[in-house]
Amino acid sequence: MSKFLLIIQIILLSNTNFNTTSNKDIDKILTESIIKFSELNTYQSFKLANKALELSQKRKYEIGEIKSYIYMAKVLTELGAYEKAIDYLSKADEINIELDDLMKVESHRLRGIIYTNLDQGIAINEFRNQLKLSQKLKDSKKRQLGTFWAYQNMVHLFDIVGEKDSVYKYISLQKKMLNGFNEKQDFINFSTAYTQVADYLISINQYDEGELYLYKSLDILQKYNSPYLYNTYTSLARLYNLKGDSVKAIEFYKKSISNAKFLNSPNALKESYKNLADYLVNKRNLKIDASEYYYEYNKLNDSLKNQNKLLTNKVFNHIVENEKNDSVKKLRHTFIIILIVIISLVFIFYLYLKNTTLRRSDIRNRISKIENDYNSSINEDKFQKLIDLLKGNNPEFLILFKELYPDFVTKIKTLNPSIKSSELSFCAMLYLNYSTKDIAEITYVTVRAVQIRKNRLRKKYNIDSNIDINKWMRNL
């Protein structure tokens, strides 16, 4: 008996990861992640958040898990990887613990930003939830800033959808809140609010009033020695374009370029070059060559695209590597469990032989158990083969899928008896929870083409736009 227990103990110890990291250590890593994000080092920010996630999962530190998922979603949102960002936010929601109100605010804010690019109706609800939760924050300063920033998001979104009355409403609320701000501490918020007021006034052709607010924005930035002036310069240039003052328009476009260079901000510089080049092309009567500005814009644009592509690839390679490691860990864990079960069965069988008369029926039951474990292993091999066939865009994928998931195939054919193989293959990929981007890469089509196919399926099977089509397929 003692030898058997010793063997089990050795196996369990071999599968144990000794972790002396505390929850405070994890919180420090998450703080580092946010600092890296603020420094625009998105890859390191993602890497640190992912490290915090792994440590939190080992320690069962659920708050750490939630924050890690949200911080990783923040990076993915910045990179435009919206589906994966939503996936991480959903994983944070699945953790059954009461979330800190500040984290809830951030979760809704990120969803609002994502859906601003995908579905403005959902985005409005997310920003409203952000606003509602911000107003409940216990810390007065956080409550004040959270509410103010929610108003800014609402202004931006309603401006996109063209609801001028709502834009005016939330701009008015912003202006009212400025009375409770400390100008020196919050001058950036003053500047941003003044610029949004100016943009609204200019949109309703009140150019002079808009000009006053833009200069208020510029004055307060200069008063507190802020170097970040290019946005206000650009707004002034656009205003003078509308007022027909080409001299001042060009002056402020060039100031925007100079400021972006001073800040060493490639994205701001790229946009500043393009703004001036577009302006000069539209004002041919000025007879000023725009080619040098387009050249600088294109050079920067190509460089930034390559950098963003490399950065996105690094982040996604990191995700894939983690998923592979998770699979290996799960496989190892499963192997350890099976090994312990087998050793336990052998030991029990040994005791049974030693102390009682061997019963044939018991032998059959134990053999059957081992056979079931073996069959389960075969099914796992088939599933891996299914994934390999899918990634290779192999037509045999559909044959094996029908074998492994006959119930789903029967149900989808009940809904559409004349379903074509190509449509069934597409539904199969959705059932396997592949994202739009993954399907596009596997089938060698554009992301837009995949989105169009999804929309057609929604219409054909009457799937509401608020329902995740992948979950709909799996719940069929």
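The values are calculated or read from the model by the stated rules, or taken from the named source; none is laboratory data. Bear in mind that the values here come from a model prediction, so they are computed numbers and not experimental data. Counting neighbours? That spans all protein chains shown, and the Cβs are built from the backbone with ideal geometry, glycine included. Heavy atoms of the whole protein, side chains included, go into the accessibility calculation; ligands, DNA and RNA do not. Shrake-Rupley method; radii C 1.70, N 1.55, O 1.52, S 1.80 Å.
Within the stretch 392-476, which helices (runs of 4 or more DSSP H) (wholly inside it) include 3 or more residues that are in contact with an Asp or Glu (Cβ under 6 Å, 6 or more places away or on another chain) and open to solvent by less than 50 Å² (accessible area, probe 1.4 Å)?
In the stretch 392-476, no matching helices (runs of 4 or more DSSP H) lie anywhere.
May I ask you to say which residue of Asn267, Asn275, Asn225 is under 28 Å from Glu78 (Cβ atoms) and touching a residue at least 40 places away in the same chain (Cβ under 8 Å)?
Asn275
Is it the case that the stretch 8-27 has a residue that's crowded, with 18+ Cβ neighbours inside 10 Å and at pLDDT 90 or above?
Yes, some residue in the stretch 8-27 is crowded, with 18+ Cβ neighbours inside 10 Å and at pLDDT 90 or above.
Find all pairs meeting these conditions: Cβ atoms under 9 angstrom apart; at least six residues apart or on different chains; first residue within the stretch 409-425 and farther than 15 Å from Tyr461 by Cα; second residue of a type in the set (Val, Ile, Thr).
Ser425/Thr443
Return the residues of the stretch 30-55 that are among the polar types (S, T, N, Q) and more than 15 Å from Ala73 (Cβ to Cβ); say none if nothing qualifies.
Once the filter is applied, which keeps residues that are among the polar types (S, T, N, Q) and more than 15 Å from Ala73 (Cβ to Cβ), the stretch 30-55 yields Thr31, Ser38, Asn41, Gln44.
If we scan the stretch 109-118, do we find a residue that is open to solvent by less than 30 Å² (accessible area, probe 1.4 Å), out of contact with any Lys or Arg (no Cβ under 9 Å at 6 or more places or on another chain) and of a type in the set (Ser, Thr, Tyr)?
Scanning the stretch 109-118 turns up at least one residue that is open to solvent by less than 30 Å² (accessible area, probe 1.4 Å), out of contact with any Lys or Arg (no Cβ under 9 Å at 6 or more places or on another chain) and of a type in the set (Ser, Thr, Tyr).
If a residue must be farther than 15 Å from Asn129 by Cβ and either of a type in the set (Gly, Ala, Ser) or under 15 Å from the mean Cα position of the chain (by Cα) (or both), how many such residues does the stretch 91-115 contain?
1
Applying the selection to the stretch 398-438, what residues are of a type in the set (S, T, N, Q) and under 33 Å from the mean Cα position of the chain (by Cα)?
Ser421, Ser422, Ser425, Asn433, Ser435, Thr436
Could you check the stretch 75-98 and list, in sequence order, the residues that are open to solvent by 30 Å² or more (accessible area, probe 1.4 Å) and closer than 19 Å to Leu48 by Cβ?
Of everything in the stretch 75-98, those that are open to solvent by 30 Å² or more (accessible area, probe 1.4 Å) and closer than 19 Å to Leu48 by Cβ turn out to be Glu78, Lys84, Lys91.
Answer yes or no as to whether Asp101 is under 28 Å from Gln57 (Cα atoms), open to solvent by 20 Å² or more (accessible area, probe 1.4 Å), of a type in the set (Asp, Glu) and modelled with pLDDT under 90.
Considered against the rule, which asks whether it is under 28 Å from Gln57 (Cα atoms), open to solvent by 20 Å² or more (accessible area, probe 1.4 Å), of a type in the set (Asp, Glu) and modelled with pLDDT under 90, Asp101 comes out as yes.
Each row is one residue, and each column tells you yes or no for (1) outside any helix (DSSP H, G or I); (2) of a type in the set (Lys, Arg); (3) within 16 Å of the chain's Cα centre (by Cα).
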position	(1), (2), (3)
Lys24	no, yes, no
Ile29	no, no, no
Ile35	no, no, no
Lys47	no, yes, yes
Glu54	no, no, no
Lys58	no, yes, no
Ile70	no, no, yes
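For the stretch 281-321, enumerate the residues that are part of a helix (DSSP H, G or I), of a type in the set (A, V, I, L, M, F, W, C) and either at pLDDT 85 or above or open to solvent by 60 Å² or more (accessible area, probe 1.4 Å) (or both).
Val281, Leu310, Val320
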